[in-house]
Each structure stands twice: as C-alpha cells, then as structure tokens.
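To start, the structure itself, in structure tokens.
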Amino acid sequence: MIFVAVGTQFPFDRLIENMDQWAADYDQEVIAQIANGEYVPQNMQWQRFLDAEKYNKNIKEAAVFVSHAGMGNIISARNHNTPIIVMNRQFSLGEHRNDHQADGVKWMAELSGVYAAPTQAELYTLLGDTNALQVSSPKENKKLDQLVGFLDDYIRTGKID
C-alpha cells in the first residue's frame, strides 16, 4: 500500500492528481489524505482528513509514504521506518505562501529514507521501484533524534543555541 498525505493546512491538488493518475496505471492500493483540495481522486481511496491513530497506522503499514515536504511527515515516516517521497509545494503555482518547502526539500533528501520528487517525472521514477527505496538505519535515527530535539528546543524557547 502507498499512503499519500498533504497535511491539514493547505490543499495540494498537484500531488493528489499526480498520484491519482499513477494509481490508474498501476495495480497497487493507494490511500490518500487530501485535505480541502478541489481535485477529487477517481483511482484511489481517499479521505479529506484522518485522525492521528489512522494517519500513523497508514504510515506504519505503507510500503512508501508520499507527502508534501512537511517536517512532521518526514519525522513520522522516519519514526515508523517507512521510506518517504516528498514533493514540495511551489509558490509560483499558488500552492504555498513562499518557497520554503523548495528550499527545505534539498537538505531533507540528504536524510536516509527521504527521497525528493519536485516533479511528476521524478515522482513516477521513484514509484517505479519502491523496493529500492531504503529505510533509515538505527544509526541514522540518532540523527533524527538530534533534529527533533533541536526543533523541540527551538519551539519551546524560540532560541538557537
């Protein structure tokens, strides 16, 4: 199963439409959380929003998690040892208020188990061989723990040490 999620703040119709087109051509179960997007999928199961328990269950059970480039989803995928493909929202397409996701996806893709797919072609290439997508090692999870600790400290204090 492939789990697709766009988060709760903004719709991401480009990602959902790309995955729906992919699902039409491949015999694989795809489940999507689509938020308040205008595009309604025809070839995959979907819900606008999921509770945290179902959301995390889908991540854990997925062969691969396809997501917007949100840090929370990347951390969740890493915590469940599920490879994640991230597609960033683009300001120029009206998908976000700035291009911070485009900037962030560059360094996110350096994390083990995280794969960047800024375009439909790159997304489809990665989906073409999901068995080749590697899950992070326990050593890499230590780096994730450090990142989570840094983000937690910053959120609580507003300061960078």
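Each value in this text was obtained by applying a stated rule to the coordinates, not by laboratory testing. Everything numeric in this text was worked out from a predicted model, so none of it was measured. Ideal geometry is used to build each Cβ from the backbone, glycine not excepted, and the neighbour counts take in all protein chains shown.
Some notes on this structure:
- Among V66, V30, V40, a tally of other beta-carbon atoms within 10 Å of each Cβ gives an order, fewest to most, of V40, V30, V66.
- Here the calculated FRET efficiency for Q45 and T157, from their Cβ-Cβ distance with R0 = 30 Å, stands at 0.15, rounded to the nearest 0.05.
- P(r) tail, the range 2-135: Cα-Cα pairs separated by more than 26 Å, 11% of all pairs.
- Dipole magnitude of the range 2-135 about its Cα centre (Cβ charges: Lys, Arg +1; Asp, Glu -1), debye to nearest 20: 400
- A cut-off of 5 Å between modelled amide H atoms, ignoring neighbours fewer than 5 places along the same chain, links R48 with I34.
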